[in-house]
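Just below is one structure, and these are the notes that go with it.
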Amino acid sequence: MKRRFFGRASAVAVLLPLVATVLSTAPAHAMGTVTIQQADGGRNTYRDAVIKIIHNALYVTSADGKGTLVINRAACSYQGQIMVCFVTNAALVQSGKTSPLDFRSGTVYVNMTSEPQALSMSTMKVPARGIVSSFTTQRGTSVNLVGSIDKVVK
């Protein structure tokens, strides 16, 4: 049975581990793809996630609007045109409840330019006005996000 995007509180412990994914240019419409790789080998892919940056926090909302992953930005710096952030706080908002996520590590790469940008010492590229993120939970689940940013509010 396929799990719903950010399905239950039990999924919270399994969420978060974004390990860089193969990138190309941004899709024609501003949407993202989230891939969750469970430690036990299970894998789910969720397309058409909405990606927003609001007041320096990243919001990734499932296509059905039922779950939102909120990643607070911290420890950010620039590598050329790409902003690189090491995540220090993340939570899942679902059914009116906010649950902190127990991630082990995570990095967010943001490209606000109109051209794809190569990651430092890599052949991978971050899409134009796009984001690439990879996180791992304490339980070994990894979450990867690739997409273009729908909205930015400073």
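The values are calculated or read from the model by the stated rules, or taken from the named source; none is laboratory data. Just so it is clear, the structure is predicted and the values come from calculations on it, not from any experiment. Neighbour counts run over all protein chains shown; Cβ positions are idealised from the backbone, glycine included. Note: areas computed on protein heavy atoms with side chains; ligands, DNA, RNA excluded. Shrake-Rupley method; radii C 1.70, N 1.55, O 1.52, S 1.80 Å.
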*If you take the alpha carbon radius of gyration of segment 29-71 and divide it by 2.2 N^0.38 Å, what ratio comes out, to two decimals?*
1.25
_Ranking request for peptides 86-92, 128-134: highest mean number of other beta-carbon atoms within 10 Å first, then the rest in descending order._
128-134, 86-92
*In Å, what is the Rg of the alpha-carbon atoms in segment 90-153, and how long is Dmax?*
14.0, 41
*Cβ-derived FRET efficiency at R0 30 Å, Lys154 paired with Asn44, nearest 0.05*: 0.40
_Linear extension gain, Lys66 paired with Val93, 0.36 nm per residue minus alpha-carbon span_ = 8.9 nm
*For segment 41-125, report the translational diffusion coefficient in µm²/s to the nearest whole number, using Stokes-Einstein at 20 °C, 1.002 mPa s, and a Kirkwood Rh over Cα pairs.*
148
*With all protein chains present, calculate the accessible area of Asp64 using a 1.4 Å probe and round the result to the nearest 10 Å².*
80
*In the full protein assembly as shown, how much of Tyr78 is accessible to a 1.4 Å probe, in Å² to the nearest 10?*
150
*For a label point 7 Å from the Cα of Met31 along Cα→C-beta, name the residues of segment 133-154 whose backbone N is under 20 Å from it.*
133, 144-152
*May I ask you to give the percent of accessible area on segment 35-154 that is carbon plus sulfur, with a probe radius of 1.4 Å?*
48
*Find the centroid of the Cα atoms in segment 46-99 and in segment 107-127, then give the distance between the two in whole Å.*
17
_Given points 7 Å out from each Cα along the Cα-Cβ axis, report the Asp102 to Met121 separation in nanometres with one decimal._
3.2
